[in-house]
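Values in this text are rule-based calculations from the coordinates and carry no lab data. In this text the structure is predicted, and so the values were computed from the model without any measurement. Don't worry about glycine lacking a Cβ; one is built from the backbone with ideal geometry, like all the others, and counts go over all protein chains shown.
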Amino acid sequence: MLTPAVSEDLSQLVQLDAGGQRSREPLFGLDAEALAARMVEAGEPAWRGRQLAEALYRQRVAEIREITTLPKVLRQRLDAEGWRVNRPEIVQVFQSADGTERYLVRCQGGDRLTVETVWMPEGDGGETGDGSDADGVETLRAPSIPLLSEVEGSASFNAEWVGNHEPQKATICVSSQVGCAVNCQFCLTAKLGLQRSLTAGEIAGQVVAVLARHAVEVGRDRVNLVFMGMGEPFLNYDNFMAAVRLLVREVGLSPQRMTVSTSGIVPGIERFAAEPPELRPKLAISLNAPNDTIRGEIMPINRKWPIKAVVDAVRQVQLRPRERITFEYVLLGGVTDRPEHAQEVAHLVRRTGLPAKVNLIAWNPGPGIGYSTPQPEAVEAFRKTLTDGGIPAYLRKPRGRDIYAACGQLKRTVEG
Ligand code: SAH
Ligand code: SF4
């Protein structure tokens, strides 16, 4: 539900083409095997691919000339032959009083599109009760954050300022498409339509750029990923899963700390159910309504895949121990937040027989969308009805409202 800013200065485009370089696919986004194949084509031994993967995904080097594990002559040759890392780059940072940061990330493509990615220190409560913290909860402090002016315009921002810090705990919200074709009536991203799907490198690159900015130590810091930014991941299935594979195998993140949210694309859920468990994120379903009638009105996709079809597909997913399916539920004031709706949701979720929990999200307003935010009492009453009915229910904290970074609030605010 994020919104992009569109193409900015063209000077960089020209630079890319300067010197008559033949433009090649970006190295960032290729896995170790593909990198090895490219190295062999370039007349190098295959193990150079592993070195490149280490540099791109573990050391987070963003320029070929800085890959010091490669001999200098090789770096110069790759550069002269037109190879580029071309990792997506944070081009603008918005900082919230609550520590949330929203980024405009410039993609790899020649169209210079940007997408939005969000860093939420301490998360937003969305992971509670889904097994993410089953192995113990830590209380951690976020690092100090540099000023916007220190970051803006810096092409290869390096987060060395963080220094020696306590383990961090944060959630990164990642986009999968520029815009979205699904057209949910309450969502800002829907207003854009689908501009294009992101490549695997553009999806994984948002994460690596943010990990670099916060000097995250994979394996030590607790970083959760939620694929809940702009776009519908299951309508960009192959690129989305290729990004997950990169993030797991090359970057070293655990799929048990990743959650993908879908509006209920049944063929996507079925493919997802067939993924190997060691590569499968957790699953969240945007339920958002107590029945097909209301859901069909606010989410036209429900007419194609109604609730039962979605739930039947979800049943095919083999859950890990302690794992739960998350049902997300956006509360629209007067439309989906009534006591009888809560009863109906409790009944519906119980009937699925799935180990499940409900994440309630109070609707975040956006211009031109005619819904209203629910009353806090209605939200609490809704949650209580669910928990009284035996359904674990949590309220997603709105993060970064002051910088328009909360769910569904990410909106094009700056273009260059
Ligand atoms: N396209 C996917 C993932 C991105 S949307 C999906 O729809 O599931 C992530 C979550 O944000 C969804 O649960 C969606 O229902 C919710 N959302 C969208 N617009 C919102 C808004 N204005 N306020 C609160 N939540 C919103
Ligand atoms: Fe927004 Fe719906 Fe697309 Fe999700 S699927 S991004 S809620 S339009």
Members of Lys191/Lys357; Lys169/Lys397; Lys308/Lys397 lying beyond 18 Å, as alpha-carbon distances in this model show: Lys191/Lys357; Lys308/Lys397
For the stretch 295-381, with only Lys/Arg (+1) and Asp/Glu (-1) charged at the beta-carbon, what is the dipole magnitude about the Cα centre, in debye rounded to 20? 540 debye
Charge-dipole axis of the stretch 308-350 as Lys and Arg at +1 and Asp and Glu at -1 on Cβ define it, positive-most pick from Val349, Val314, Leu332: Val314
In order through the stretch 82-91: 3J(HN,Hα) via Karplus (6.51 cos²θ - 1.76 cosθ + 1.60), integer Hz, x for Gly, Pro: x, 6, 9, 5, 6, 6, x, 10, 6, 10
Final fewest-first order of Thr293, Thr69 on the 10 Å Cβ neighbour count is Thr293, Thr69
Give the long-range amide H neighbours of Met258: residues separated by 5 or more places, or on another chain, with amide H under 5 Å away, using H modelled in the peptide plane at 1.01 Å from N. Leu225, Lys282
By count of other Cβ within 10 Å, fewest leading, how are Glu202, Glu275, Glu101 ordered? Glu275, Glu101, Glu202
Quick query: amide H of Gln195 versus all other amide H atoms, modeled in the peptide plane; which residues come in under 5 Å with a sequence gap of 5 or more or a different chain? Val178, Gly179, Cys180
Label the stretch 170-320 by shape, choosing from rounded, prolate and oblate, from the square roots a ≥ b ≥ c of the eigenvalues of the Cα gyration tensor; if a/c is under 1.5 it is rounded, and otherwise prolate applies when a/b is larger than b/c, oblate when it is not. prolate
Under Karplus coefficients 6.51, -1.76 and 1.60, residue-wise ³J(HN,Hα) of the stretch 182-195 in Hz, glycine/proline x: 7, 6, 4, 5, 9, 10, 5, 4, 4, 4, 7, x, 8, 8
Amide proton proximity set for Asp337, modelled H, under 5 Å, gap of 5+: Leu332
Could you put Trp305, Trp119 in order, starting from the residue whose Cβ has the fewest other Cβ atoms within 10 Å? Trp305, Trp119
